[in-house]
Every structure is written in structure tokens, then in C-alpha cells.
1. For LYS169, which aspartates and glutamates qualify as cross-link partners when the Cα separation must be under 14 Å and same-chain residues fewer than eight apart are set aside?
2. Classify the range 135-208 from the C-alpha gyration tensor, please: rounded if a/c falls under 1.5, else prolate or oblate depending on whether a/b exceeds b/c.
3. Could you work out how much longer the chain between PHE40 and GLN96 gets when fully extended? Use 0.36 nm per residue separation minus the Cα distance between them, nm to one decimal.
4. State the extension gain, in nm to one decimal, for the chain segment bounded by GLU263 and LYS223, taking 0.36 nm per residue of separation less the distance between their alpha-carbons.
5. Taking a cut-off of 22 Å, what percent of all Cα-Cα pairs in the chain are separated by more than that?
6. If each residue's Cβ is checked for other Cβ atoms within 10 Å, how do THR126, THR57, THR225 rank with the fewest at the top?
7. Roughly speaking, what is the stretch gain from GLU21 to ASN75, that is 0.36 nm per residue apart minus the C-alpha to C-alpha distance, in nm to one decimal?
8. Points 7 angstrom from Cα along the Cβ direction at LEU252 and LEU166: gap in nanometres?
Amino acid sequence: MGPNGEPHNRVELLFGAVDTELARVQRLFNQLESPDDLTFDDLIGLAVTVAVQRIRTAQQRRLREQHNEWLLAQNPDFKSFDDPENPHSAAGVHTQLLFSAMWQAADVLATRQIEVWHDARARFVTCDAPVIVPFVRNVAPGLEQAEYIVWPISPRRAVALGRELLGEKAIIREATGKHVGIVRDGVLQGRERMIFSSEEEREWLPQKRLFRRRPQVRLRCSKWTPRGEYLEPPACCVGSSDVFAAEPDVVLCRQGLHVPAPEMWKHV
């Protein structure tokens, strides 16, 4: 940071622009009556906003810290997420990751079918990880594989990006019990610490249940790279995803290629 705090000011300006677009997109889709009113810029704005809302959370920082601890255990020269001499190091790295990853994520999201689920009974809830990628058998699918990526924007509206393309800019649907269930289950499993609901929906939330599980890093070995290239033994490729669990889920091969990373458990 320079003597006048220029880098900090630039980051604040970037987030100011992000928040302005977030407010615009959320207001637009919360009030949307006709998909024909949407412009190309609105569609791109939605994809970027959803991408940022998914990455810009305390949960994503915690998960990246878990993964960082594993990488650091494998290679002591790896640049750590945290710097003891710089208390703002993790925030800086997270910000860099956010702005570098959001465009790739937005490219995927922009190819999906936009659905607006409208619930006159105002049953939608949300949480402190507001973009929901529903778990499948407790494992989070990749953005390309997920059936829906859902962003609840009010008790009466949720924007869902579907995998099945229907050839429309957007489709406004009356929310069914299934839609409400997708959001509720996604929030229960995907939240970090907090769930937000209307007064009427508070009775639905578990009153005495302890939330012992939440998203954690899941690591698995594969003989195939993400590009489908086969790796000759003993080489392997370690894939990372998220899992709904009480702690990191690390099950790797026993070929002597990997070092245990107990520091991951500091970020449970």
C-alpha cells in the first residue's frame, strides 16, 4: 500500500462498482414482469453478479484456507494464504482470487437458462452464502454439472440458472413446493453460520438442532486430468470439491505422493 493508500482505494472503488451492479440486478429481477424487458447487458450483469456473490463470502475464504493448508503441506515453498507479518494477507489473496475467478465463473453461468421462481406465499429463505449450488449425495457438483444454481433475492423471488436450455431469455414460473424445497435444503446445507428468513418462515427453521456440518473441502485422487488425459502410475491428479461434512474429507492414494495436512482442521 502506498503512502496515500492508493491500492486500498482502488479495491474500494472496485467493490463499490460491484455493489452498485448488485443492487441494480437484484432490483431488476425482483420486479421483473416480462422477460422481454431484459437486455443483453442485464443477462451479463446477472452472470457476473451471481459469480461474485458466490465467491465473496467468509465461507469461500475458509475453504480456500483449508485447501491452502494442504498445498502448503505438499510444498513448503508454496506461497501461503496467510502471512504472519501481514494480517491483511488473506483478505488480499481472496480479493485477487475473486476478481480473477469471477470471469470464468460468469462465462459458465451466462450459458445457463434463467428462471425466475415467484412465490406469492413468500417462503424463500437465504443465508450468508447466498448463491446455492445444491449438494448431490452431500457432494457439491461443479458449476457445469449442477442442475440449478440458485440465488434467492427476496422472500418471494429466487433466480435459478438451469442446465436445460429452453431458448428463452428468462422464464418466470410460479414456485412449486419442489422449488421452495430446493432453496430450503440448499440453504440448510450451504450456509456458513447464518440463515435469514421472514418472520413467517422462522417456524420452519430447526429451533434446537445443532448444525455440526457445513461445507468442507473434499480431496480425491484420479488417474485422469480435468482434460481427460491419462496419467501413468504412480502419478495422479488431486481433484478438489466441496462436501457437506463436519470436517475436511481427504481420501488420497497411498503411493507416497501426498503428505498429511493436519493444519486443514484449523479451518473447520
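Values in this text are rule-based calculations from the coordinates and carry no lab data. In this text, all values refer to a predicted model and were calculated from it rather than measured experimentally. Quick reminder, even Gly has a Cβ in these numbers, built from the backbone with ideal geometry, and neighbours come from all protein chains shown.
1. GLU33, ASP36, ASP37, ASP41, ASP42, GLU115
2. Oblate is the answer for the range 135-208, as a/c is 1.5 or above yet b/c matches or exceeds a/b.
3. 17.5 nm
4. Additional length available on full extension: 11.8 nm.
5. 62 percent
6. Listed from fewest to most nearby Cβ atoms, that is THR225, THR57, THR126.
7. 15.5 nm
8. Going by the 7 Å Cα→Cβ label model, 4.4 nm.
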